[in-house]
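The values are calculated or read from the model by the stated rules, or taken from the named source; none is laboratory data. All of these numbers come straight from a predicted model, not from anything done at the bench. Don't worry about glycine lacking a Cβ; one is built from the backbone with ideal geometry, like all the others, and counts go over all protein chains shown. Just so you know, the surface numbers come from the protein's heavy atoms only, side chains and all, with ligands and any DNA or RNA stripped out. Shrake-Rupley method; radii C 1.70, N 1.55, O 1.52, S 1.80 Å.
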Amino acid sequence: PTVPAPDMDGVSAALKAAMANGAPGAMARFTGPDGVRTRTAGVRDRVSGEAMDTRARFRIGSVSKTFSSVVLLQLADQGKVELDAPVNRYLPGLLPDDRITVRHLLTHRSGLADYSDAMFAKTVPGFEAVRNRVFTYQELVDLSLAEPRTTEPGANYRYSNANFVVVGMLIEKITGTSAAEQYEQRIIKPLKLRNTSYVHPRTEIKGLHVRGYLHPDEAGAPLVDSTEQTGSWAQTAGAVISNPADLNTFTTALMRGRLLSPHMLDAMTTVTPTDTTQTRFYGLGLRRYDLSCGTQVYGHTGTVQGFYTYAFATRDGRRSLSAMANASNRGAVNTALGGTLEAAFCGKKAP
Ligand SMILES: C[C@@H](NC(=O)[C@@H](C)NC(=O)CCCC[C@H](NC(=O)C[NH3+])C(=O)[O-])C(=O)O
């Protein structure tokens, strides 16, 4: 069946809207049956004034959760972990409730509180306090367990970074190697993602990269260059670095069944609603957005200091889009950037 061509003017308009709302720059890369289309706006570095560049690397935030989910689901495919088993079977005594299962982590239904809410209640002080800190997984889990749980296990969707920190612990316990090693072996090398890395706790982004800018809570206060950070507060929940081409390669390979068995990919894309709009859903470490033209796209969003990211593909993997704006703590930028999805996947609005 023919699919609508991407509305790249609409994509550009969304990037410009992201800038108008406070991003120094933004970019998008669409991959489809007619090839690759890219658009950029503004700068990747406010000091040098160097233009945004779709080859440049950046922090992808929670798109990392989909990388972590793929690794764990590959282990499930290999029979090394059972999704409906208690987490405590693999990490004895870690969680105070044996009813919390591996699947509850991947669907954000564990009830484990998100420690990042308190950590970043004051945006810039919170960031400055952790940007050079190295946390153990256990320290992050302890921060979560210090707060009340947010739901009975399995009862409600409650997004939490803690879930994917525990996923990182599971990956390392089950494989006996680091998450970095597992990303490399199972995703980065097989897909030849030459601009994707997990360098936690190193703070710099190697090679050609975008600088990210954090908006302070106080109106009118100067932007904070948040490019260098350990990302240790997020780790397997948000510390992967990538670029638009690699993200499109990743989401399309995932949807085309190159990373998981058909059974496991079906499990991953089996979703439940995350809100009452009936257009936003979550599966296993994967979001589904239902667009106005009826197209359903699968992937993840990312928010990390200085960077907003969208990385989505159609279920058949024939079309993908990744978009990034180098600002954060500015919801209007994130919303504007999200406009790239409708433009790219639904095409030009009928006149
Ligand atoms: C929601 C998003 N989640 C993620 O990407 C994870 C890794 N990021 C967060 O939890 C946001 C942490 C605060 C960022 C900071 N905000 C504040 O400090 C607010 N006081 C900022 O905006 O940079 C997702 O799944 O799409």
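Yes/no per residue for (1) within 15 Å of L284 (Cα to Cα); (2) of a type in the set (A, V, I, L, M); (3) open to solvent by 10 Å² or more (accessible area, probe 1.4 Å); (4) modelled with pLDDT under 95:
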| residue | (1), (2), (3), (4) |
| --- | --- |
| A146 | no, yes, yes, no |
| R158 | yes, no, yes, no |
| N161 | yes, no, yes, no |
| V167 | yes, yes, no, no |
| T175 | no, no, yes, no |
| A180 | no, yes, yes, no |
| Q185 | no, no, yes, no |
| P190 | no, no, yes, no |
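The conditions of being under 13 Å from the mean Cα position of the chain (by Cα), closer than 15 Å to V63 by Cα and either open to solvent by less than 10 Å² (accessible area, probe 1.4 Å) or not hydroxyl-bearing (S, T, Y) (or both) are met by A323.
Exactly one of (1) surrounded by 24 or more Cβ atoms within 10 Å (Cβ to Cβ); (2) over 16 Å from the mean Cα position of the chain (by Cα) is unmet by V43. Its number? For V43, the failing item is (1). Taken over the stretch 197-213, residues that are charged (D, E, K, R) and crowded, with 16+ Cβ neighbours inside 10 Å amount to 1.
In the stretch 50-70, the residue that is surrounded by the fewest Cβ atoms within 10 Å (Cβ to Cβ) out of those that are part of a helix (DSSP H, G or I) and within 13 Å of the ligand (Cβ to nearest atom) is S69. Taken over the stretch 275-291, the residue count meeting the criterion of being at pLDDT 95 or above, within 16 Å of the ligand (Cβ to nearest atom) and surrounded by fewer than 18 Cβ atoms within 10 Å (Cβ to Cβ) is 2.
Per the conditions (1) within 13 Å of the ligand (Cβ to nearest atom); (2) open to solvent by 20 Å² or more (accessible area, probe 1.4 Å), the sole criterion not satisfied by G299 is (2). For the stretch 71-120, filtering for residues that are acidic (D, E), outside any loop (DSSP other than H, G, I, E, B) and either at pLDDT below 95 or out of contact with any helix residue (DSSP H, G or I) (no Cβ under 7 Å at 6 or more places or on another chain) (or both) leaves 1.
Screening F135 against (1) within 18 Å of A234 (Cβ to Cβ); (2) in a helix (DSSP H, G or I) leaves a single unmet condition, (2). One residue alone among G338, G294, G331 is away from the ligand (no atom under 14 Å from the Cβ) and surrounded by fewer than 20 Cβ atoms within 10 Å (Cβ to Cβ), and that residue is G294. Taking the stretch 113-169 only, how many residues are touching a strand residue (DSSP E or B) at 6+ places or on another chain (Cβ under 9 Å) and closer than 23 Å to A179 by Cβ? Total satisfying the criteria: 2. Looking only at the stretch 214-250, residues that are surrounded by fewer than 19 Cβ atoms within 10 Å (Cβ to Cβ), more than 13 Å from the ligand (Cβ to nearest atom) and among the acidic types (D, E) come to 1 in all. When restricted to residues that are at positive phi and touching a helix residue (DSSP H, G or I) at 6+ places or on another chain (Cβ under 6 Å), the stretch 270-298 contains 1. Looking across the stretch 122-144, the residues that are aliphatic (A, V, I, L, M) and either in contact with a Phe, Trp or Tyr (Cβ under 9 Å, 6 or more places away or on another chain) or within 14 Å of the ligand (Cβ to nearest atom) (or both) come down to V124, A129, V130, L140, V141, L143.
For the residues A180, A253, A162, A155, the requirement of being touching a residue at least 40 places away in the same chain (Cβ under 8 Å), more than 16 Å from the ligand (Cβ to nearest atom), among the small types (G, A, S) and part of a helix (DSSP H, G or I) singles out A253.
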